[in-house]
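S.K.: The structure's right below; bear with me while I get my questions together.
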Amino acid sequence: MRSRPTLTDRFSTFLQFEGDHPQTWVPDGRLQRSMQRSLQQHPRELSENFWALFWFKVWHQEKAKATPSRLLSRSLSTNHLAAYLQESCYWAAKRMLTQFSAVQYTVADCFQGAIVRMQKILEGFDPNQGFSLESYASAIFSSTIRDTLRQRQEIDICSNWALLRKVSQKRVIEALQTAGQTGSTIQAYVLAWQEFKRLYVPAQATGTRKLPPPSPEIWQAIAQTYDRERGSLPEASAATLERWLNATAQAVRIYLNPNVVSINTPKPGQDSGELLDDLTDEVRGSLMNDLIAQEEAEERKTQQQDVNQVLVAAIADCDGEIQQILQLYYGEGQTQQQMATQLGIKQYTISRRLTRAKEILLKKLILWSRDTLHIEITPDIVDTMGTVLEEWLQKHYQA
Amino acid sequence: MFSTATPLSLPQPEQVWRQTNRFRISPDRWTAYLNQLAIAAIQPWLQAEFAQVKPALNSVAQASLWSCTTGTPLLINGQRWVIIPTETIDQDEWSIPQEWVDIPDWAADYYVAVDVNPDGGAEIWGFASHYQIKTLGIYEANDHSYRLSANHLIADLATLRLRQEFCPQPLRAAIAEIPKLTIAHAQNLITRLAALDSAIALRLELPFSTWAGLIAHGGWRQDLHQQRQGLERQPSIGQWLRQGLDQLSTELGWQQVDLQFAAVGARGNGEEPSETVAFTRQLTIAGQSYELQITPLDDSLRFELRNTSLGGLIPGGFRLTLLTEDLEMFEGNQALAESAVEALTLEVALENGEGIVWEVEPTPDAFEREIIRF
């Protein structure tokens, strides 16, 4: 994949796949014009970071106006940022697929499944924490793709009955809604599912993915407890409940398939509808002026370079044991089990050293953010720093 | 949020499965099985990370708990942790049974979600404190649980420790006391619940506070468990005398001792000594071994706590307490060691069938209240 040469391209083009390969960068005319116009007004701002921060601030303003998220996802700012983050998302997909050695899934699948999580990324990002949007997004893309791959691997080998035992109530409800069910039908299906999940447990230690259909006795028990709890919900025989639960399993299977998720969710930049741009030029101009006045973007860029230096120095300070373990884990992608075998020590010793290593690095990062950037350390910030550190380590050791 | 959860290795599932065959109700057995897998998987990891990891309950009390809800309490470096196995593949939110959050004696400092797949392995999904669950979780009246969004889970131990170091939050949130049940009420409930079809989920049958009042009492929970599994109610001291100790009491550590030789001549009144037999149970308190002995007398029971090592004493500050079945104090129910003493002794007169609950301070390892019936 060739990277995009111009600033305008980087904020206005989208990756197109041909089969599993990124083929070309497809420009979106509206985004191109918007970017060109913005660049004409501010010809001296040539850093990618500056524009990422600028569009993020615009997005933030729009969000502050309580724009519904459906509309927010179609805003100019979201789409500029989605274009900007295409490459991070692509590399995250590529890296996670290698880690999972999941040959049956394509990079394109993973990419599509992750890029639709733009709103989650923008909502979670805080430029005051000392990380770039790009690093933060990259961490979220990776964990989203990892979760998706895990789920898909499991879903593909589970029978309907096994699948129903392994999904959360939240997912069951979402799946039924997506399948077009409403109101009391959903309530009845969910109650049937709750009773099924509780009563139909495997009768042996393993083989939980290939569960056979419940026996007539189990169906009878499910029907009995359903009837006891149903209140004003419709009556249902064992046969009806079986039909409902099969329909629920089907809905869940479809819903958890990321291809379908990405079809149902508006794709940034590939939406045929109008892009929304409801910030006045005045508001936008003042955001821009603030940014320039504070030289905020410049400052952030320096901070991000400093983060790098802090972490590189922190690793250099660690003892050989820890450095070795970081190298094997992040650099060579070994599992804890593999490392234990190679080094001839227990897996839990490896695990403890990894925890220790993360603790040392994260602590340095926190101290530096607190003392140099004067960031007030909150539990949320510690969590985010942990996530971004994990991503940083992966990239650092694989570079 | 981390892209790498902490992997754990699963023990032999078949072996663990066999250990759960005492559960006659399938969903209860599955709960016990998943919990045992989770504990077996996380234990070596915990022991590598913490100096002291102990079960908070004995195996008998733990079994009766798993027939009420899922989760296993541990004591880790003096803090209380609850391990909760999860099976869901979508990890958007974590569901924590209300019992672990709102029963004062059960509430813990930290909760750990362990993802268990008997066919695939186990990993630590994340951690949360009681405070986080109470302040950030959403209460679900539907199934008496708290739902915590995955965003609020602490990803790993490094993050957990650093949060405590740099921005400490309280570990516990305030919770209300659970109203106490009378003996009659509790026994009524036990009979009623035990008679329900085994397909019915008991924990959702009663208003939460009534349910909590019942099962927070180890003795009542044991009675409920026994009856629901179709077993005898826990036998009385009289039955112990006539039929010998039952299996459950043996598992709790009760042993019968013959006092005849020791007692000969002690009374000297010509009558056959009534105390020929006693029952003892080993207790571990602060790393030391003690013994609680119950001696049946004509119309009373004598409770005695001793140090089992030769010449060993009961340290000052130890207290032996007897409570009524519904945990009320009564006159003369406590023996306190003002200074180191040889034994703490209490005698209590009882009606036939009346229950008594013993407690020792400091609390013995893996302690759960049991009802001793006369």
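The values are calculated or read from the model by the stated rules, or taken from the named source; none is laboratory data. This one's a predicted model, so the numbers in the text were calculated from it and none came from an experiment. Here the Cβ positions follow ideal geometry from the backbone for every residue, glycine too, while neighbour counts run over all protein chains shown.
S.K.: Report whether or not B:Asn35 is within 16 Å of B:Ala366 (Cβ to Cβ) and more than 10 Å from chain A (Cβ to nearest Cβ).
M.R.: So B:Asn35 passes the test.
S.K.: For region A:341-363, which positions are over 23 Å from B:Gly126 (Cβ atoms) and more than 8 Å from every other protein chain (Cβ to nearest Cβ)?
M.R.: Passing the criteria: A:Thr341, A:Gln342, A:Leu343, A:Gly344, A:Ile345.
S.K.: List the helices (runs of 4 or more DSSP H) inside region B:1-68, counting only whole elements, that have at least 1 residues being among the acidic types (Asp, Glu) and within 24 Å of B:Trp94 (Cα to Cα).
M.R.: B:26-49
S.K.: Also: Within region B:97-111, work out how many residues are surrounded by 23 or more Cβ atoms within 10 Å (Cβ to Cβ) and in a strand (DSSP E or B).
M.R.: Within region B:97-111, residues that are surrounded by 23 or more Cβ atoms within 10 Å (Cβ to Cβ) and in a strand (DSSP E or B) number 1.
S.K.: Mind listing whichever residues of region A:164-205 are over 25 Å from B:Ile96 (Cα atoms) and within 11 Å of chain B (Cβ to nearest Cβ)?
M.R.: Within region A:164-205, just A:Gln204 meets the criteria.
S.K.: Answer with yes or no whether A:Ala297 is at pLDDT below 90, away from chain B (no Cβ under 11 Å) and in contact with a Phe, Trp or Tyr (Cβ under 6 Å, 6 or more places away or on another chain).
M.R.: Yes: the conditions hold for A:Ala297.
S.K.: Could you give me the residue pairs with C-beta distances under 6 Å whose first residue belongs to region A:368-382 and is in contact (Cβ under 8 Å) with a residue 24 or more places away in the chain and in a helix (DSSP H, G or I), whose second residue is surrounded by 14 or more Cβ atoms within 10 Å (Cβ to Cβ) and not aromatic (Phe, Trp, Tyr) wherever it lies, and which are 6+ apart or on separate chains?
M.R.: As it stands, the answer is A:Trp368/A:Val310; A:Ser369/A:Gly130; A:Ser369/A:Ile375; A:Ile381/A:Gln129, since those pairs meet every condition given.
S.K.: Can I ask one more? Output the number of the condition that A:Glu45 fails; it satisfies all remaining conditions of (1) free of Cβ contacts under 8 Å to residues at least 24 places away in the same chain; (2) at negative phi.
M.R.: Here A:Glu45 clears every test but (1).
S.K.: Now for a separate question. Kindly indicate which of A:Trp161, A:Trp91 is among the aromatic types (Phe, Trp, Tyr), closer than 30 Å to A:Arg243 by Cβ and within 14 Å of chain B (Cβ to nearest Cβ).
M.R.: A:Trp161
S.K.: Any chance you could count how many residues in region A:174-185 are in a helix (DSSP H, G or I) and surrounded by 17 or more Cβ atoms within 10 Å (Cβ to Cβ)?
M.R.: The total comes to 3.
S.K.: Now for a different question. Would you point out the residue of region B:112-147, among those that are at the interface with chain A (Cβ under 9 Å from one of its Cβ atoms) and closer than 23 Å to B:Ile178 by Cβ, that is surrounded by the most Cβ atoms within 10 Å (Cβ to Cβ)?
M.R.: Going through the qualifying residues, I end up with B:Gln132.
S.K.: I want to confirm something. Restricting to region B:132-141 and keeping residues that are under 26 Å from the mean Cα position of the chain (by Cα) and not in a helix (DSSP H, G or I), which single residue is farthest from B:Asp92 (Cα to Cα)?
M.R.: Here the residue is B:Ala141.
S.K.: Scanning region B:149-177 for residues that are within 12 Å of chain A (Cβ to nearest Cβ), among the hydrophobic types (A, V, I, L, M, F, W, C) and in contact (Cβ under 8 Å) with a residue 12 or more places away in the chain, which turns out farthest from B:Ala48 (Cα to Cα)?
M.R.: Among them, the one singled out is B:Ala150.
S.K.: Could you tell me which of the residues B:Ala195, B:Ala199, B:Ala184, B:Ala173 is surrounded by 15 or more Cβ atoms within 10 Å (Cβ to Cβ) and over 27 Å from B:Ser129 (Cα atoms)?
M.R.: B:Ala199
S.K.: Identify, please: which residue in region B:57-109 is of a type in the set (Ser, Thr, Tyr) and within 14 Å of chain A (Cβ to nearest Cβ) and is, among those, farthest from A:Arg165 (Cα to Cα)?
M.R.: Of everything passing the filter in region B:57-109, B:Ser67 is farthest from A:Arg165 (Cα to Cα).
S.K.: Now a separate question. Sort out which residues of region B:160-218 are among the acidic types (Asp, Glu) and under 30 Å from A:Arg370 (Cα atoms), and write them in order of number.
M.R.: Hit for region B:160-218 is B:Glu165, nothing else.
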